[in-house]
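Read the structure below first, then the notes.
The values are calculated or read from the model by the stated rules, or taken from the named source; none is laboratory data. Just so you know, these numbers come straight off a predicted model, no measurement behind them. Positions of Cβ are generated from backbone atoms using ideal geometry, with glycine treated the same way; all protein chains shown enter the neighbour counts. Surface accessibility is based on the protein's heavy atoms, side chains included, excluding ligands, DNA and RNA. Shrake-Rupley method; radii C 1.70, N 1.55, O 1.52, S 1.80 Å.
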Amino acid sequence: MKKYNTPTAIMLTIALIIGVITIPTTTATQHDFTVNTDNATIIGFGGKQWVAIGYDSVGDDTPGDTLTLLLATGQTYGTSSFRTGQSSQFNNSTQHTDNWWYADNPSDMTNWDRPNEYRGSTLQQQMDVIADGLPAKENALIIPRELSDVSVENTRLWSLSSGEAQNVNNILREFSTWWWLRSPGGYRNTAASVYDGGNVRVSGSRVGYGAFGGVRPALQLNLESVIFTSDNTATDGKSAAIVDNGFAELTTSDNIKFTMSDDSLELAGVTLTNLDEDTVTFDYNGATPNKLLSAVIMRDDEAVYYAKLVEDTDENGTGVELTLPDNYNSATDTVQVFVEEANGVNQTDFASEFVELGEPCDYGLHKHGEQTDWTVAVYCDDCGAKVFAEKPPIEVDIVRDKVQIRNNTNGFFSTKGYCLTDGENKWALPVVVVRSRSAVVIDGRKRIRIDLVGVDELWLVEVWD
């Protein structure tokens, strides 16, 4: 695994200057992260909340698409001494000049020369314990770091140095208790710390003697797999969606969580089977079993609505229903279905690749049946859903610059929102297919004749809301 030797103090200084950074994610959406300011973005991750203190796409040998996060105030991993003291010399410990004894480094490390060394300390071991306790999939999203200043390699969670801490916004440095930094203090038995009001104490606190400071980790989170973001609360965002209860709006806030792509989750395909006004019915196949089947409405590359559809997936399923939002717009929106692991507040969710539902007949592109002079069969050959109550022949005519459609009994149907496409171009206008190789569209009071080259018996007609 590649090691990153990152001058984080420089990175944080740059983040402090730029403040708000827009970080585009790879699949679906982007979010404006507020970085290293009083109201910095909070990220739910690993069961805790973390504050954004840096965006390390700058500097040499620094991974891009990565956030640097610090455990947020109000969260806790408990307290610890910097290096645990021992009361007896019979513990194979190294003696300090003032006759206090400190625990040795783990057996796989060379022993310490000074008790305020971070490497091998009780504090550093606590960071490893916390990292090991994170869910495996979230753990895999952390980019290991090399802390060259304290000779620690490939560490997933780490304490800030005194220099890094001084470059963090003062409000963000405040914590529920005073907390340890990894830098040595002004004496061989003290380590740097942060005290009341977020003040950095470079001279430090004693590493033993029963001094228990807060354990406040930092980490670097890889953003390359982010699909979309949502509110990280128990009442909004994805938490507001309930199976069989329709789409919930995905609003933005400064407290968010990520939905990340996961290759171990699969959904092979979806097939639309029926459309009843705004209620769409579909089947799915090739799903990872015992997961959640979900959907989002994508609008201009952003997830704007989210729905939970099936609580416990089978490999193949039938008759899944969803009701489109009132403001669904086929010009800008698509329905994307996926299998996911939804893990709740302060945890990352994981999802399969999106599978587009295919646009429902009343909302998207489908092939429609045979046509003759001035008539068109307005029903869907692909899914069998009827656009109108009766199948062809349905006659089409233009009366006073308006399109009229009627069936055999001369019953009239609304022509609201028709659109014509020749497979490459689309005309978002009231439209009627006419004659053998052409169409007439009505744009206001202007008639436009369009030649459809290469079209034989099947017309491509798009019906817009």
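Just a few scattered comments:
- Any hit, region 294-301, residues being more than 16 Å from LEU250 (Cα to Cα) and out of contact with any His (no Cβ under 6 Å at 6 or more places or on another chain): no
- One residue stands out among those in region 66-84 that are under 27 Å from the mean Cα position of the chain (by Cα) and open to solvent by less than 50 Å² (accessible area, probe 1.4 Å): the one that is modelled with the lowest pLDDT, which is THR66.
- Here GLU302 meets the list (1) open to solvent by 10 Å² or more (accessible area, probe 1.4 Å); (2) modelled with pLDDT of 95 or more; (3) within 25 Å of GLY46 (Cα to Cα) almost entirely, failing just condition (2).
- Residues being of a type outside the set (A, V, I, L, M), open to solvent by 10 Å² or more (accessible area, probe 1.4 Å) and under 14 Å from ARG119 (Cβ atoms) - total across region 144-160: 6
- Region 230-286, residues that are part of a strand (DSSP E or B), touching a residue at least 40 places away in the same chain (Cβ under 8 Å) and over 17 Å from the mean Cα position of the chain (by Cα): GLY269, VAL270, THR271, LEU272, THR273, ASN274, LEU275, THR279, VAL280, THR281, PHE282, TYR284
- Restricting region 305-315 to residues that are open to solvent by less than 10 Å² (accessible area, probe 1.4 Å) and part of a strand (DSSP E or B), the residue that is farthest from VAL226 (Cα to Cα) is ALA307.
- Residues being open to solvent by 10 Å² or more (accessible area, probe 1.4 Å) and either within 13 Å of THR73 (Cα to Cα) or among the hydrophobic types (A, V, I, L, M, F, W, C) (or both) - total across region 170-194: 9
- Criterion: charged (D, E, K, R), over 18 Å from SER80 (Cβ atoms) and open to solvent by 30 Å² or more (accessible area, probe 1.4 Å) - qualifying residue of ASP132, ASP104, ASP108, ASP128: ASP108
- Hits in region 316-351 (condition: buried (at least 16 other Cβ atoms within 10 Å of the Cβ), over 19 Å from TYR284 (Cα atoms) and of a type in the set (Ser, Thr, Tyr)): TYR328, SER330, THR348
- Matching option when the condition is open to solvent by 50 Å² or more (accessible area, probe 1.4 Å), part of a loop (DSSP other than H, G, I, E, B), within 26 Å of MET260 (Cα to Cα) and modelled with pLDDT under 90, among ASP32, ASP61: ASP61
- Residue check for GLU117: in a strand (DSSP E or B), modelled with pLDDT of 85 or more and more than 30 Å from GLU340 (Cβ to Cβ): no
- Considered as a group, the residues in region 322-351 that are at pLDDT 90 or above and acidic (Asp, Glu) include one that is farthest from PRO289 (Cα to Cα), and that residue is ASP349.
- Total residues in region 121-163 satisfying the condition of being charged (D, E, K, R) and either over 28 Å from the mean Cα position of the chain (by Cα) or within 22 Å of ARG206 (Cβ to Cβ) (or both): the figure is 2.
- Candidates are the residues of region 111-120 that are farther than 14 Å from LEU181 by Cβ, open to solvent by 50 Å² or more (accessible area, probe 1.4 Å) and not basic (Lys, Arg); the one that is nearest to the chain's Cα centre (by Cα) is ASN111.
- Residue count, region 208-235 (criterion: surrounded by 16 or more Cβ atoms within 10 Å (Cβ to Cβ) and either of a type outside the set (A, V, I, L, M) or modelled with pLDDT under 90 (or both)): 15
- Every residue from region 247-280 that is modelled with pLDDT of 90 or more, open to solvent by less than 60 Å² (accessible area, probe 1.4 Å) and not small (Gly, Ala, Ser): PHE247, LEU250, ASN255, ILE256, LYS257, PHE258, THR259, MET260, ASP262, LEU265, LEU267, VAL270
- Failed criterion for MET11 (all others in (1) at pLDDT below 70; (2) part of a loop (DSSP other than H, G, I, E, B) hold): (2)
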